[in-house]
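Colleague: Please read through the structure below; I'll follow up with questions.
The values are calculated or read from the model by the stated rules, or taken from the named source; none is laboratory data. Every value quoted in this text rests on a predicted model; they were computed, and no experiment measured them. A quick note on method: Cβ atoms are made from the backbone with ideal geometry, for glycine too, and the neighbour counts reach across all protein chains shown.
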Amino acid sequence: MNIASGLFFICYIPEFYANYKNKNANAYNVVEKVIMLAGTGFALGYSLETDSNAFKINYSIIFTLDTIALFMRAYYAYKNRNIDVTMNLYDNANEEVHNPVNSL
């Protein structure tokens with residue numbers, strides 16, 4: 001169970017880094033994290049009910065990581081709520097098309 005906890009922790013490092021580095025999310029990303037947090041909450045509740053120390057440690061760590069990930073995504077979704085992501089991608093694509101000609 002400790003190996004499972006370690007592997008879950010390792011998987012969250014790139015997600016936290018990407019959330020922090022890109023600083024973008026939308027409301028659809030938040031719903032995914034809410035569902036994951038609910039599932040982890042039920043698993044943590046089960047581990048507390050069965051009084052299994054290995055499950056308690058595993059799911060308390062995962063519950064903490066899911067909570068942090070949810071708050072990060074919710075913060076960036078709220079912060080970027082007025083930004084149209086599709087328009088920004090379209091604008092960047094147009095700039096890339098014109099830049100190679102200008103750089104010659």
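Colleague: Residues in the range 76-84: is at least one assigned to a helix (DSSP H, G or I) and at pLDDT 85 or above?
Modeller: Looking for residues that are assigned to a helix (DSSP H, G or I) and at pLDDT 85 or above, one finds none in the range 76-84, hence no.
Colleague: Still on this structure: Just one of (1) part of a helix (DSSP H, G or I); (2) surrounded by 12 or more Cβ atoms within 10 Å (Cβ to Cβ); (3) at pLDDT below 85; (4) of a type in the set (A, V, I, L, M, F, W, C) trips up residue 93, so point out which.
Modeller: It is condition (2) that residue 93 fails.
Colleague: Can you find a residue in the range 37-49 that is among the acidic types (Asp, Glu) and either part of a helix (DSSP H, G or I) or within 12 Å of residue 12 (Cβ to Cβ) (or both)?
Modeller: Scanning the range 37-49, I find at least one residue that is among the acidic types (Asp, Glu) and either part of a helix (DSSP H, G or I) or within 12 Å of residue 12 (Cβ to Cβ) (or both), so the answer is yes.
Colleague: Filter the range 3-25 down to residues that are surrounded by 15 or more Cβ atoms within 10 Å (Cβ to Cβ) and among the polar types (S, T, N, Q) and give me whichever is modelled with the lowest pLDDT.
Modeller: The extreme case among them is 24.
Colleague: Now for a separate question. Among all residue pairs at least 6 apart or on different chains, which show Cβ distances below 8 Å where the first residue, located in the range 18-33, is over 18 Å from residue 65 (Cα atoms) and among the polar types (S, T, N, Q) and the second is modelled with pLDDT under 75 and assigned to a helix (DSSP H, G or I)?
Modeller: Matching pairs, first to second residue: 24/85; 26/85.
Colleague: Look at residue 10 and say whether it is among the aliphatic types (A, V, I, L, M), out of contact with any Leu (no Cβ under 7 Å at 6 or more places or on another chain), more than 25 Å from residue 80 (Cα to Cα) and free of Cβ contacts under 8 Å to residues at least 12 places away in the same chain.
Modeller: For residue 10, the condition - among the aliphatic types (A, V, I, L, M), out of contact with any Leu (no Cβ under 7 Å at 6 or more places or on another chain), more than 25 Å from residue 80 (Cα to Cα) and free of Cβ contacts under 8 Å to residues at least 12 places away in the same chain - is met.
Colleague: Scan 33, 56 and give me the residue that is surrounded by 17 or more Cβ atoms within 10 Å (Cβ to Cβ) and either not in a helix (DSSP H, G or I) or not hydrophobic (A, V, I, L, M, F, W, C) (or both).
Modeller: None of the other options fit; the residue is 33.
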